[in-house]
Amino acid sequence: MIGHIPGAVTSFAVNPGIKTYLDASLKRFKTVYTAGGSLNSTIKLSLGELEKYTKLTDWVDVGKG
């Protein structure tokens with residue numbers, strides 16, 4: 001559904017129609033590491049870059065049920 005194999009799910013280059021949500025708990029970090037679309041790749045980004053380069057639908061706070 002996403003367009004990536006299990007274990008390689010990233011918020012980049014997802015199939016059309018897929019909504020991307022980021023967990024608000026990420027906001028406590030200055031730098032994040034996300035899967036890069038394959039089993040052996042990661043991408044180091046600032047939080048601002050993550051927001052910019054994902055086609056972010058919204059932030060969610062899963063800790064607040």
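Every number in this text was worked out from the coordinates using simple rules, so none of it is lab data. Nothing here was measured: the structure is a model prediction, and the numbers come from that model. Using ideal geometry, Cβ is built from the backbone for each residue, glycine included, and neighbour counts are taken over all protein chains shown.
See the values below:
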quantity	calculated
Integer Hz, Karplus 6.51/-1.76/1.60 couplings in order for the stretch 14-25, x for Gly and Pro	7, 4, x, x, 8, 8, 10, 10, 10, 6, 4, 5
Sites Ser41 and Tyr21, calculated FRET efficiency, Cβ-Cβ separation with R0 25 Å, nearest 0.05	0.70
